[in-house]
Amino acid sequence: MTYSAVQEIDRMPVTTTSTHAIVVLRAVGLLLLWFLLFKLAHLVVVLVRHGPLIGWGIGPFGVTVVSFREPPVFFIWLNVFFPALVSGLVLYVGLFTPLAILRLPSAPLVMILMILGGVLLSSTLDFLAAVRDVRFPLWGEARILWTLQTLQASWSRIHFTSFGLSYLRDHFHSTPTDLLRVM
């Protein structure tokens, strides 16, 4: 064996290891991009609705908006289908196009299974929440208290708008600190 052949053998594990590290970093980047764009799509739907906002919570599960009025049924379902569409597009572009972060085989069955599986994974809870909101609506003060309690249980940081502060003062005769302490 020549000296150059020995050098090639010595470099192979390093190249393989660095390739695997790059693939793992790309996969993590795609997952983060997928999650961020999915949550951003939810936020866009809520902000397009133009309802009076009590406040919002920023926590480990993203941004949750606390609104006062019940949205129309169209916006309830839009909050399911628009983020699902964004999720599917991110997976398609990130896995099967020339711009893909990770290149998977573009066989139709693989594409359908990967995109459908990702959309189901990301949107199942949204679908169940939409069914709950349409079938058993809980809005107004009860919804505000339930959302605040859920945000507080998930260690979210809760911020109130000026409308939310006046609403808490008028309807609950309380400040946000006192109300959250009671919950």
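Contact map, region 58-80: first residue among the basic types (K, R), second residue modelled with pLDDT under 90 and part of a loop (DSSP other than H, G, I, E, B), Cβ cut-off under 7 Å, separation 6 or more or different chains; pairs are R69/G51; R69/P52; R69/W139. Let me confirm something: among V66, V80, V44, which residue is touching a strand residue (DSSP E or B) at 6+ places or on another chain (Cβ under 6 Å), within 22 Å of L151 (Cβ to Cβ) and not hydroxyl-bearing (S, T, Y)? Only one candidate qualifies: V66. Scanning region 136-166 for residues that are in a helix (DSSP H, G or I) and either surrounded by 19 or more Cβ atoms within 10 Å (Cβ to Cβ) or not hydrophobic (A, V, I, L, M, F, W, C) (or both) yields E141, R143, I144, T147, L148, Q149, T150, L151, Q152, S162, G164, S166.
Name the residue, out of D126, D133, that is among the charged types (D, E, K, R), at pLDDT 90 or above and part of a helix (DSSP H, G or I). Full working, then the answer.
Numbers: D133 fails: at pLDDT 90 or above.
D126 is the lone residue from the list that is among the charged types (D, E, K, R), at pLDDT 90 or above and part of a helix (DSSP H, G or I).
Quick one: which residue in L104, L91 is within 22 Å of L25 (Cα to Cα) and not in a helix (DSSP H, G or I)? Walk me through how you get there before you give the answer.
On the way: L91 fails: not in a helix (DSSP H, G or I).
That would be L104, the only listed residue that is within 22 Å of L25 (Cα to Cα) and not in a helix (DSSP H, G or I).
Scanning region 103-128 for residues that are loosely packed, with under 14 Cβ neighbours inside 10 Å, aliphatic (A, V, I, L, M) and within 21 Å of the chain's Cα centre (by Cα) yields L113, L116, L120, L121, L125, L128.
Quick test for you: out of L102, L85, L89, pick the one residue that is assigned by TED's automatic domain parsing to the domain that holds A130, at pLDDT below 80 and among the aliphatic types (A, V, I, L, M).
Step by step, each of L102, L85, L89 is checked, and only L102 is assigned by TED's automatic domain parsing to the domain that holds A130, at pLDDT below 80 and among the aliphatic types (A, V, I, L, M).
Return the residue satisfying two criteria in turn: it lies in region 69-96 and is aromatic (F, W, Y) and touching a helix residue (DSSP H, G or I) at 6+ places or on another chain (Cβ under 7 Å), and of such residues it is nearest to I158 (Cα to Cα). Working first, answer last.
Taking region 69-96 as the starting set, the residues that turn out to be aromatic (F, W, Y) are 74-75, 77, 81-82, 92, 96.
Next, from what is left, pick out any that are touching a helix residue (DSSP H, G or I) at 6+ places or on another chain (Cβ under 7 Å): 75, 77, 82, 92, 96.
Values: F75: 23, W77: 26, F82: 25, Y92: 35, F96: 39 Å.
Checking each candidate, the answer is F75.
Between V14, V46, which is closer than 30 Å to N79 by Cβ, among the β-branched types (V, I, T) and at pLDDT below 90? Please lay out each step first, then the result.
Details: V14 fails: closer than 30 Å to N79 by Cβ.
Selected residue: V46, the only one of V14, V46 that is closer than 30 Å to N79 by Cβ, among the β-branched types (V, I, T) and at pLDDT below 90.
With respect to being touching a Pro at 6+ places or on another chain (Cβ under 8 Å), at pLDDT 80 or above, assigned to a helix (DSSP H, G or I) and outside the structural domain of W155 (by TED's automatic domain parsing), A41 fits the description.
Among the listed residues L31, L99, L43, L53, which satisfies the condition of being of a type outside the set (S, T, Y), closer than 24 Å to Q152 by Cβ and without any contact (Cβ under 8 Å) to a residue 24 or more places away in the chain? Full working, then the answer.
Working: L31 fails: closer than 24 Å to Q152 by Cβ; L99 fails: closer than 24 Å to Q152 by Cβ; L53 fails: without any contact (Cβ under 8 Å) to a residue 24 or more places away in the chain.
Residue meeting the stated conditions: L43.
The values are calculated or read from the model by the stated rules, or taken from the named source; none is laboratory data. These numbers were taken from a predicted model, which means no experiment stands behind them. All Cβ positions, glycine included, derive from the backbone under ideal geometry; neighbour counts span all protein chains shown.
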